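The block underneath contains the structure these notes are about, expressed in structure tokens.
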Amino acid sequence: MAFAKRQIRNVSPYLGTERRMERREFVVLPVNALSIDEALRPLGPPLAMVTHSLSLWGIGLIHEHPLSHDLLALRLVVQGDEELVVGAVHWRKSLGPFNMCGCEVIARLDQFPTAPFGESRNR
């Protein structure tokens, strides 16, 4: 969290022509994440992440280990409301000792995926 807060504090304003269609907020919030497949089945153990930036349809995330999957189920609390969303990872980069990715919010979830990683799915 401290690393993410320093990153936000050191963000310099963008001087070019803004191409984003929506405003983003630089905010650090804890996030529970799961790599998932297209059927919303977990592909690995839960991941701890923090936000770097938020907009209505996008989330910048800081995390410890490089990601190997392109879909994430994300659980976070924004202004007291729990948000459950699916993020499609559009880009990844190294950020010093950590990693960062940018996700487009492609769906809202009614519930967070719960099948434990490694549990048999052929029932």
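Where a number appears in this text, it was derived from the coordinates with a stated rule and is not lab data. Remember, predicted model here, so these are calculated numbers, not experimental data.
Counting only the Cα atoms, segment 26-96 fills a convex hull of 94 Å³ per residue.
Computed extension gain for Ala48 through Asp70, at 0.36 nm per residue and net of the alpha carbon distance, reaches 6.3 nm.
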